[in-house]
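Q: Submitted below is the structure of interest, expressed as structure tokens.
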Amino acid sequence: MSERALFVTKIGVIAATVGSAVGLGNIWRFPYMAGENGGGAFLITYVCCVIILGIPLMCAEFIVGRKARSNASRAFKVLAPKSKWHIIGYFGIISSTLILGYYMVIAGWVVEYIFQALRGNLMAESATQIAANFSDFTSDTWRPLLWVLTLLIINYLIISKGVTKGIEKASNIMMPILFLILLIFCGYTITLPGAGEGLKYLFYPDFSKINGSVILAAMGQAFFSLSIGLGILITYGSYFKDNVSLPKTGLTVALLDMLVAVLAGVMIFPATASFGINPTQGPELIFVTLPNVFKHMIMPDFWAIMFFIFAGVAALTSTISLFEVIIAYFTEEFNMNRKRASIIIMAIIAVLSILSSLSFGVLSDVKLFGMNFFELSDYFSANILLPAGGFLFSIYIGWVMNRKDVYSELGGVNAIYKAILFSIRYIAPISIFLIFLSLTGIFK
Ligand code: PFF
């Protein structure tokens, strides 16, 4: 096999990994989760979850990836030959495929809104018209698919160039743009009259609001946002050079990811508070509520264009990482070149995306377990495969993997090793088990 690629620079490692973590999860999921779960109370719980659970689990995936220098499934074949552990790699590869199938659809909506904003259409409408346009667009058969196709081609152009010239280079360009837009935006929203109320809601913790369901919601959000449990971080870790510090990378990525989520809250809460608009949840938040918020701002089209470009860039760098899990598997297991593997994977994703997209239109009544295809892929991957993957990774790294390898991959500092291992062995599996029970409804 030809020599395996690596991320060349330390900045590239951070840009690519932050690129994976920062996505639609930060921009619409975090604000609506915070809105639903007590604002500041949710934020503080989320920060605790990221620190005691998220960072150790990120390190756990990096350890496996870098030690084995293989895709998410083969990594376990290398580290634990003749065992069945590699099956957990399949979990990741299947869930990444399923997640991409619907993530692409939402990312496609973002691209549509960039164009609507550029044409100036978005702001010309009344509030009810904005909502009606959104549902007309999502239930259309062809238009959303056109954007999915466009995004598949953009992903192809980046991914087929390889790890260094494609993913690392694209991330190095896109991530600074993303942070710049975010800072400009927040600089404006915090100066809006009445913004203080929104900020207070987001930052002032009312500890009495913290309960079991808030903690579980915060843990779930930490997983989703840090891309844990899918083998993305195993795959990216396999491209880290030996001199990259895994705990430092985990810490930096987690802090930047949290920063984006919090700043997305700072973009949204002061503005909604200032204009007296209720932040609704889910897809509606950015496609219906926010355009209504922009309308009240000075230069509404400018802010709308900036926002949707920002969301589009965030979504794109995340789809690249989801793709890479599958590409690494195809190229290494079937000895295929990247271009060929990319085309096959694009075809599979295209089929899944068609089914997901049509779930908002002609297939909306086709249901299994009471869910349409879009809802089913979301539920099955995020609620079942993702926690299951994270749980099994923590068991493998905490209890099965060679202790010396874990120690040396973590940089050989006793205190850091002990703290991270404690979380991977005890805190992570127990908490994930509780999330899992709560999601299945067995435990409330
Ligand atoms: N972490 C990214 C986000 O928050 O959007 C991408 C992502 C990875 C989403 C894994 C969902 C997921 F399960």
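Where a number appears in this text, it was derived from the coordinates with a stated rule and is not lab data. Just so we're clear, the structure is a prediction, and the values are computed from it rather than from any experiment. Note that each Cβ is placed from the backbone with ideal geometry, even for glycine, and that neighbours are counted across all protein chains shown.
Q: Given 37, 185, 76, which one lies farthest toward the positive end of the charge dipole of the chain, if we put +1 on the Cβ of every Lys and Arg and -1 on the Cβ of every Asp and Glu?
A: 76
Q: Students often forget the sequence filter, so: which aspartates and glutamates lie under 14 Å Cα-Cα from residue 161 once same-chain residues fewer than 8 apart are removed?
A: 324
Q: Please give the helix 55-68 orientation as an angle from the longest Cα principal axis of the chain, in degrees from 0 to 90, rounded to the nearest 10.
A: Orientation of helix 55-68: about 50 degrees from the principal axis.
Q: Under the 0.36 nm per residue contour assumption, what length would be gained going from the current alpha-carbon distance of residue 119 and residue 343 to full extension?
A: 77.4 nm
Q: Hey, another quick one. Any idea what Rg and Dmax come out to for the chain if you just take the C-alpha atoms, in Å?
A: 21.0, 64
Q: Residue 87 versus residue 379, label points 7 Å from Cα toward the beta carbon: distance in nm?
A: Using points 7 Å along Cα→Cβ, the separation is 2.5 nm.
Q: Would you please put 93-103, 251-261 in order of how densely packed they are, using the mean number of other Cβ atoms within 10 angstrom per residue and starting with the highest?
A: 93-103, 251-261
Q: Here is the link list: 169/339; 77/418; 77/339. Which ones come out longer than 20 Å on Cα distance?
A: As for pairs spanning more than 20 Å Cα to Cα, those are 77/418; 77/339.
Q: Something else now. Using the basic label-point model (7 angstrom from Cα toward the beta carbon), what is the residue 362 to residue 197 distance in nanometres?
A: Output for this residue pair reads 4.6 nm.
Q: Something else: When the Cα atoms of the stretch 1-83 are enclosed in a convex hull and the volume is divided per residue, what value in Å³ results?
A: Considering the Cα atoms of the stretch 1-83, their hull volume per residue is 138 Å³.
Q: So, one more: What does the extension gain come out to for residue 150 and residue 94, with contour length at 0.36 nm per residue minus their alpha carbon separation?
A: Fully extending the segment from residue 150 to residue 94 adds 17.9 nm.
Q: Please turn the phi angles of the stretch 19-26 into ³J(HN,Hα) values with the Karplus equation 6.51 cos²θ - 1.76 cosθ + 1.60 (θ = phi - 60°), one per residue in order, whole Hz, x for glycine and proline.
A: x, 5, 5, 6, x, 4, x, 7
Q: Another question about this same structure. Under the rule a/c < 1.5 gives rounded, and otherwise a/b versus b/c splits prolate from oblate, where does the stretch 376-444 land using the Cα gyration tensor?
A: Prolate shape, in that a/c is at least 1.5 and a/b is the bigger ratio.
Q: How much space per residue, in cubic angstrom, does the convex hull of the C-alpha atoms of the stretch 266-420 take up?
A: Taking the convex hull of the Cα positions in the stretch 266-420, it is 225 Å³ per residue.
Q: When ranked by the protection proxy of mean other Cβ atoms within 10 Å per residue, highest first, what sequence do the peptides 5-13, 314-322 form?
A: 314-322, 5-13
Q: Neighbour counts of other C-beta atoms within 10 Å: give me 74, 403 arranged from fewest to most.
A: With the fewest neighbours first, 74, 403 line up as 403, 74.
Q: Between rounded, prolate and oblate, where does the stretch 115-172 land on the alpha carbon gyration tensor, with a ≥ b ≥ c its root eigenvalues, rounded for a/c under 1.5, else prolate if a/b exceeds b/c?
A: Prolate.
Q: Roughly speaking, what is the stretch gain from residue 422 to residue 400, that is 0.36 nm per residue apart minus the C-alpha to C-alpha distance, in nm to one decimal?
A: Gain on extension, residue 422 to residue 400, equals 6.5 nm.
Q: Still on this structure, please answer the following. Checking the table 10/241; 67/248; 200/295; 82/241 against a 20 Å threshold on Cα-Cα, which pairs fail?
A: 200/295; 82/241
Q: Please grab the % of Cα pairs in the stretch 167-258 that end up more than 17 Å from each other.
A: 70 percent
Q: Quick check on the exposure proxy: order 142, 147 from fewest to most C-beta atoms within 10 angstrom.
A: Result, fewest neighbours first: 142, 147.
Q: Continuing with this model, one more query. Go ahead and set up a Gaussian network model of the chain, Cα springs under 10 Å, then flag whichever of 134, 373, 224 fluctuates most.
A: Result: 134 has the largest fluctuation of those listed.
Q: Further question on the same structure: Need one number: convex hull volume per residue for the stretch 51-208, Cα atoms only, in Å³.
A: Measuring per residue, one finds 222 Å³ for the Cα hull of the stretch 51-208.
Q: If we count every other residue with Cβ under 13 angstrom of residue 161's Cβ, Lys/Arg +1 and Asp/Glu -1, where does the sum land?
A: +2
Q: When you count, for each residue, the other Cβ atoms within 10 Å and take the mean per peptide, how do 164-173, 285-294, 225-234 rank with the highest first?
A: Final packing ranking: 225-234, 285-294, 164-173.
Q: Another one. Helix 143-159 sits at what angle to the longest principal axis of the chain, using alpha carbons and giving 0 to 90 degrees rounded to 10?
A: In the chain, helix 143-159 runs at an angle near 40 degrees to the longest axis.
Q: Please work out the FRET efficiency for the pair residue 255 and residue 128, using the Cβ-Cβ distance as r and a Förster radius of 60 Å; give the result to the nearest 0.05.
A: After rounding, the FRET efficiency stands at 0.90.
Q: Moving on. Set the Förster distance to 35 Å, then compute FRET efficiency between residue 284 and residue 78 from the Cβ-Cβ distance, nearest 0.05.
A: It comes to 0.20.
Q: Right, next: Count charges around residue 130 for me, please; just the other residues with Cβ under 12 Å from its Cβ, Lys/Arg as +1, Asp/Glu as -1.
A: -2
Q: Let me ask another. Given contacts defined as C-alpha pairs under 8 Å and at least six residues apart, what's the relative contact order of the chain, whole-number percent?
A: Across the chain, relative contact order equals 35 percent.
Q: In square nanometres and to one decimal, what's the mean projected area of the convex hull around the Cα atoms of the stretch 67-138?
A: The orientation-averaged projected area of the Cα hull of the stretch 67-138 comes to 7.1 nm².
Q: Further, regarding this structure: Could you tell me the ratio Rg/Rh of the stretch 233-299? Both radii from Cα atoms, Rh via Kirkwood.
A: 1.23
Q: In addition: Expressed in nm², what is the orientationally averaged projection area of the convex hull enclosing the Cα positions of the stretch 178-318?
A: Across all orientations, the stretch 178-318 yields a mean hull projection of 10.1 nm².
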